[in-house]
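The values are calculated or read from the model by the stated rules, or taken from the named source; none is laboratory data. None of the values given here were measured: they were computed from a predicted structure. Neighbour counts run over all protein chains shown; Cβ positions are idealised from the backbone, glycine included.
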Amino acid sequence: MSSYAQPVLAQPAAGDRSGLLRLALKLDAVATGALAVLGLAAAPLLDSMLGTPSSLLLPVGLVLLVYAAAVWLIGTRPQVSRVAAWSVVALNLLWVVGSVAAVVSGWLPLTTLGTAFVLVQAVAVLVFADLQFLGLRHVGPASA
């Protein structure tokens, strides 16, 4: 078979029920990567607009970039690791709790826009965690 006839992306095997989980992981990876790039590229601007210090945005952006790559890798493996997928759900929930705690406690000198941004992205991360949870339940107890 010529290389032109081969699919660009591997298709899930027949009976594979991991479609929702894979989609949720990939969407999470793309959104996380975009947030990472935004934080890295626009840290000084975001510092003044959101009230988040550049000294925090830069290392968080780097961590998020690595995390996004890992989540993408998990979602594109031939077989999704349930342990890895559950780890993503848990880390996403920790991120949500941390985001809300940062707003409620006043740890950061957030502007009104910054507070809204942190809470909106926390809701988005919660949606990803929920979709990943639903995807894991859809796959069932057998390996994803």
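Per the conditions (1) closer than 30 Å to GLY19 by Cβ; (2) touching a residue at least 40 places away in the same chain (Cβ under 8 Å); (3) in contact with a Leu (Cβ under 8 Å, 6 or more places away or on another chain), the sole criterion not satisfied by PHE133 is (3).
If you go through the stretch 52-108 and keep only what is touching a helix residue (DSSP H, G or I) at 6+ places or on another chain (Cβ under 7 Å), over 17 Å from ALA122 (Cβ atoms), without any contact (Cβ under 8 Å) to a residue 24 or more places away in the chain and hydrophobic (A, V, I, L, M, F, W, C), you end up with LEU58, ALA84. Scanning the stretch 7-62 for residues that are part of a loop (DSSP other than H, G, I, E, B) and either surrounded by 12 or more Cβ atoms within 10 Å (Cβ to Cβ) or modelled with pLDDT of 95 or more (or both) yields PRO12, ASP16, ARG17, SER18, ALA42, GLY51, THR52, PRO53. Give me the pairs, please: first residue somewhere in the stretch 109-123 and modelled with pLDDT of 95 or more, second residue anywhere and of a type in the set (Ser, Thr, Tyr) and not in a loop (DSSP other than H, G, I, E, B), beta-carbon distance under 9 Å, and either six or more positions apart or on two chains. These pairs meet every condition: THR111/SER48; VAL118/SER99; LEU119/SER99; GLN121/SER99; ALA122/SER99. The residues of the stretch 110-126 that are buried (at least 18 other Cβ atoms within 10 Å of the Cβ) and either within 19 Å of the chain's Cα centre (by Cα) or farther than 19 Å from ALA43 by Cβ (or both), listed by number, are PHE117, VAL118, ALA122, VAL125.
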